[in-house]
Amino acid sequence: MDAPAAADPTTAADAALAARLATDLDGSFEELVSGQADRLFSIALRVLGDRGDAEEAAQDALVRAYRALGGYEAGRIRELRLRPWLTTIVVNVCRNRTRVRRVRTTDLGFEPGAEPAADPVARRDVRDAWASLLATLPPAQRIAIVLRHVDGLSYAEMAEALGKPEGTLKAQVHRGLATLRDALSDEGHDRKEMTA
Amino acid sequence: MTRLDPNPAPAAGRDTGFAAIEAVLSTLAEPAPARLGHATLVAVGLADDYAVIDSPIGPLRVAWNGKGVSSVDGAPDDRAFEQCFFARTGRRAMRVPSLPPRLARAVERRLAGDRRARIDLDLRGTTEFEQAVWLKALEIPRGEVRPYGWIAAEIGRPKAVRAVGTALGHNPIPLIVPCHRVVRTDGYIGQYSLGGPANKRAILAAEGADPDGLEGLAKAGIRYVGSDTTRIFCLPTCHDARRVTDRHLQRFHSAGEAYGAGYRPCRHCRPAAESGAA
């Protein structure tokens, strides 16, 4: 499941970009932004549960990254593994925002479905329902699930980003998935009760 | 609506009970809003936003980034402005509907003459000498003018009068940095980078300085005025000089003449600075 880092083309591209950032931060930073904005926004969106907050958090994370890079020696920048490093920053930014704790879900009036709907609006609704279900998880589980399954980080990268052992993270993901599964299979309860 | 089956048919690998959930989770990534990338670059000063404001000389384009205001420009249209801005800074500027509210208020206050209105300036790519000239120009109150030589003397480079003129001509943030308040040493209004002398006169007139009156004094060779009650001499637009009534107003062609008549220089406009201690 987790490819060795050296064989991962994304990792190789990140290393090349890190080398460029080390020699020309201002000239290469835009490339970092365009390459990472979508994933940092997605992580923030699914951790925080709000588009406006997520946009601010993603921007904040990138600005912090720029300032940090401005203070690093070239050698240190070259050694950076950009994806986990930026993940650490965006997760910290999200954690520092008050809403991360337990997001209260609103009753959307329908249930998350397994089948992707053909109609884009309906598909969006289903995704929103899933997102709000995700928001009911405790922060640590939510963050672990978002990094693993929304962003697609390897457990090795997650361990690096979050500073926790892989085993702990696997357990958090597993517990979170189990909670989601139980919530979905619990036909007898309405959403409000489930998330109370 | 189809419900998620919590126990789908066993698939290869572990956690088969979660496969369907994992599949849906993997669709929850979303593209960032289109503005996020540009907004980030603006925040760190690698790109700029700009908007159009009104001024006594017509619409002006004001650009800014996270480091401060980077340009005030009289370009005729967006395209001309963006090309000129890129040529000078190497950065892209993107037009937005208006200035951020705090900056808009500060610019409005500053143009109304409130020098305390805080406006950060992005002066990257300019020399220390230029910055010293521009910061000194910021000290000139609305409605008053100072000669190039005054700036040169005040920044400790009394012989650099021409260089002061050049630096003022390169001011990237005219109006906010009021280079229009700096005039020729002989008292004539002089050149202006933002559209020429006519604009300089219009701005000075709008600020309550009297360009015709100033050029009248220049023609008559009058460089300083003083009051025979206080025995203090000033630059003609100094707010202290403007309070002197006609009956007591004395006119001088040089600082030496004023000293000779027993006058001392005003401590506010420091008129002797530009004459090199007379």
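The values are calculated or read from the model by the stated rules, or taken from the named source; none is laboratory data. From a predicted model like this one, the values you see are computed outputs, not experimental measurements. Note: ideal-geometry Cβ built from the backbone for every residue, glycine included; neighbour counts use all protein chains shown. For the accessible areas, the whole protein counts, side chains as well, though only heavy atoms, and no ligand, DNA or RNA atoms are used. Shrake-Rupley method; radii C 1.70, N 1.55, O 1.52, S 1.80 Å.
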TODO: Could you tell me which residue of segment B:47-57 is nearest to the other protein chains (Cβ to nearest Cβ), considering only residues that are out of contact with any helix residue (DSSP H, G or I) (no Cβ under 6 Å at 6 or more places or on another chain) and either hydrophobic (A, V, I, L, M, F, W, C) or surrounded by fewer than 17 Cβ atoms within 10 Å (Cβ to Cβ) (or both)?
DONE: B:51
- [ ] Identify, by number, the condition in (1) at pLDDT 95 or above; (2) out of contact with any Ser or Thr (no Cβ under 8 Å at 6 or more places or on another chain); (3) in the same structural domain as residue A:42 (by TED's automatic domain parsing) that residue A:144 doesn't meet.
- [x] (3)
Task: Residues of segment A:1-13 satisfying the condition of being open to solvent by less than 70 Å² (accessible area, probe 1.4 Å) and either within 14 Å of another protein chain (Cβ to nearest Cβ) or modelled with pLDDT of 95 or more (or both) - done: A:2
Open item on the list: Going through B:185, B:166, B:126 one at a time, which residue ends up being open to solvent by 40 Å² or more (accessible area, probe 1.4 Å), touching a residue at least 12 places away in the same chain (Cβ under 8 Å) and among the polar types (S, T, N, Q)?
Closed with: B:185
Open item on the list: Could you go through segment B:190-204 and let me know if any residue there is in contact with a Gly (Cβ under 9 Å, 6 or more places away or on another chain), open to solvent by 70 Å² or more (accessible area, probe 1.4 Å) and assigned to a loop (DSSP other than H, G, I, E, B).
Closed with: yes
Task: Filter pass, residue B:143 being assigned to a loop (DSSP other than H, G, I, E, B), open to solvent by less than 20 Å² (accessible area, probe 1.4 Å) and within 30 Å of residue B:188 (Cβ to Cβ) - done: yes
TODO: Can you tell me which residue among B:43, B:20, B:32 is farther than 30 Å from residue B:110 by Cβ, at the interface with chain A (Cβ under 7 Å from one of its Cβ atoms) and modelled with pLDDT of 95 or more?
DONE: B:32
Open item on the list: Restricting to segment B:90-107, name every residue that is exposed (fewer than 14 other Cβ atoms within 10 Å of the Cβ) and assigned to a helix (DSSP H, G or I).
Closed with: B:101, B:102, B:105
TODO: Return a yes/no flag: does segment B:220-228 have any residue that is more than 13 Å from residue B:144 (Cα to Cα), open to solvent by 50 Å² or more (accessible area, probe 1.4 Å) and among the polar types (S, T, N, Q).
DONE: no
- [ ] Among the residues of segment B:61-92, write down those that are at pLDDT 95 or above and touching a Leu at 6+ places or on another chain (Cβ under 7 Å).
- [x] B:62, B:64, B:68, B:69, B:72, B:73, B:91
Open item on the list: Conditions first: (1) at pLDDT 95 or above; (2) open to solvent by less than 10 Å² (accessible area, probe 1.4 Å); (3) farther than 20 Å from residue A:39 by Cβ. Residue A:168 passes all but one, so which condition is the exception?
Closed with: (2)
Task: residue B:151 being open to solvent by less than 40 Å² (accessible area, probe 1.4 Å), among the β-branched types (Val, Ile, Thr), closer than 27 Å to residue B:236 by Cβ and in contact with a strand residue (DSSP E or B) (Cβ under 7 Å, 6 or more places away or on another chain) - done: yes
TODO: Note down all Cβ pairs under 6 Å where the first residue falls in segment B:208-224 and is at pLDDT 90 or above, the second is of a type in the set (Asp, Glu), and they're at least six residues apart or on different chains.
DONE: B:218/B:186
- [ ] Filter segment B:18-37 down to residues that are open to solvent by less than 30 Å² (accessible area, probe 1.4 Å) and within 18 Å of residue A:58 (Cβ to Cβ) and give me whichever is farthest from the chain's Cα centre (by Cα).
- [x] B:28
- [ ] Residue by residue through segment A:3-39, note down the ones that are closer than 14 Å to residue B:32 by Cβ and in contact with a Ser or Thr (Cβ under 8 Å, 6 or more places away or on another chain).
- [x] A:33, A:37
Task: Checklist (1) free of Cβ contacts under 8 Å to residues at least 40 places away in the same chain; (2) within 14 Å of chain A (Cβ to nearest Cβ); (3) part of a strand (DSSP E or B) applied to residue B:61, failing item - done: (2)
